[in-house]
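Q: Below are the structure tokens for one structure; questions will follow.
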Amino acid sequence: MARMKFYCDPERCIECNACVTACKNENEVPWGVNRRRVVTINDGDEGERSLSVACMHCSDAPCATVCPVDCFYTTQDGVVLHDKDICIGCGYCFYACPFGAPQFPEDGAFATRGKMDKCTFCAGGPEADNSSDEHRKYGSNRLAEGKLPLCAEMCSTKALLAGDSDTISDIYRKRVINRSASVMARGVSYRDASFRAPSSGAGKSSAKE
């Protein structure tokens with residue numbers, strides 16, 4: 001059985017935020033709430049890397065563990081979803097998630113801000129697939145249409161991948177192998193290169209050359 005996962009390759013992410021924009025437009029996310037965001041470390045310094053972050057749909061989701069009303073559930077595809085009709089907006093999931101995926105409007109205290117919102121892997125919610133109620137509460141259900149999340153499909157460098165975890169793992173493994181081979185090849189070329197110190201007659205042609 002397929003288990004859906006996200007993976008963002010920091011070697012390919014160019015911080016274009018196309019994934020963020022695609023998510024907001026496709027799911028009509030409320031203003032002030034971002035289901036996906038791009039995080040950059042060492043910005044402007046050596047070793048700068050960017051990552052597209054959202055709900056990672058954990059196998060043992062901490063948000064579901066701390067929810068006092070059990071509004072979270074996991075689909076057969078391994079997608080972690082929640083029922084907004086049950087959510088009480090307590091904010092426990094917000095503090096438990098290491099990725100900051102659960103989002104609330106900024107104004108007011110928890111329990112007064114409204115229902116929690118987060119990435120659904122474009123899998124909708126507990127309502128009927130592609131119904132008006134489902135789209136109004138949770139956004140698009142692209143999985144029901146046989147499509148992958150739009151954020152990954154819009155990634156121009158294929159840094160953000162989404163789909164079956166086995167397929168994602170194979171792609172990542174091949175990338176690592178190719179990068180290692182490239183580094184090793186450069187190392188060999190550096191090792192075999194012969195550098196000669198300039199002679200006193202530098203700039204003049206030599207009969208031996």
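The values are calculated or read from the model by the stated rules, or taken from the named source; none is laboratory data. These figures come from a predicted structure and were not determined experimentally. Cβ: placed from backbone, ideal geometry, glycine included. Neighbour counts: every protein chain shown. The protein model used for the area step is the full one, side chains on, heavy atoms only, and it has no ligands, DNA or RNA in it. Shrake-Rupley method; radii C 1.70, N 1.55, O 1.52, S 1.80 Å.
Q: Farthest toward the dipole's positive end in segment 1-137, which of G44, P126, F99, given Cβ charges of +1 (Lys, Arg) and -1 (Asp, Glu) about the Cα centre?
A: Value computed over the given set: P126.
Q: Where does the Debye-calculated log10 I(q)/I(0) of segment 1-130 sit at q = 0.12, 0.15, 0.20 Å⁻¹, using only Cα point scatterers of equal weight, no solvent?
A: Normalising to I(0) and taking log10 leaves -0.49, -0.76, -1.25.
Q: Sticking with this structure for a sec: Taking the highest mean first, how do the peptides 173-179, 25-31, 7-13, 42-48 order by number of other beta carbon atoms within 10 angstrom per residue? Don't skip to the answer; put the middle values down first.
A: Working: 173-179: 11.1, 25-31: 14.4, 7-13: 16.7, 42-48: 8.0.
The most tightly packed comes first, giving 7-13, 25-31, 173-179, 42-48.
Q: Mind listing the phi-derived Karplus ³J(HN,Hα) values for segment 101-107, rounded to whole Hz, using 6.51, -1.76 and 1.60 with θ = phi - 60°, and x for any glycine or proline?
A: 6, x, 10, 10, x, 6, 7
Q: Can you show me the helix-derived [θ] at 222 nm for the chain, built from DSSP H runs with n ≥ 4 at -39,500 (n - 2.57) apiece and divided by the number of residues, rounded to the nearest 500.
A: Numbers: 6 runs with 59 residues, N = 209.
It lands at -8000 deg cm²/dmol.
Q: Quick one: dipole size for the chain, taken about the Cα centre, charges +1 on Lys/Arg Cβ and -1 on Asp/Glu Cβ, in debye to the nearest 20. Mind dumping the intermediate values first?
A: Values: 26 positive and 28 negative charges, 225 e Å.
I would put it at about 1080 debye.
Q: Could you report the chain's accessible area per residue, 1.4 Å probe, as an integer in Å²?
A: On the way: 12500 Å² over 209 residues.
The answer is 60 Å² per residue.
Q: Please work out the Cα center distance from segment 94-110 to segment 116-183, rounded to the nearest Å.
A: Between the Cα centre of segment 94-110 and that of segment 116-183, the gap is 22 Å.
Q: Another one. So, in the chain, how many Lys pairs have Cα atoms under 12 Å apart, if the pair is 8 or more places apart or on different chains?
A: Working: K24/K118; K84/K115; K84/K118; K84/K137; K115/K137; K118/K137.
Lysine pairs satisfying the spacing and distance rule in the chain number 6.
Q: In segment 59-151, what trypsin sites (Lys or Arg not before Pro) fall in a loop by DSSP, with at most 10 other Cβ atoms inside 10 Å? Present the calculation step by step, with values, prior to reporting the outcome.
A: Details: sites: K84, R113, K115, K118, R136, K137, R142, K147; in loops: K84, R113, K115, K118, R142, K147.
Filter output for segment 59-151: empty list.
Q: Moving on to the next point. Can you compute the charge dipole magnitude of segment 21-124 about its Cα centre, using +1 on each Lys and Arg Cβ and -1 on each Asp and Glu Cβ, nothing else charged? Give it in debye, rounded to the nearest 20. Let's see the in-between values first.
A: Values: 9 positive and 14 negative charges, 39 e Å.
The calculated dipole for segment 21-124 is roughly 180 debye.
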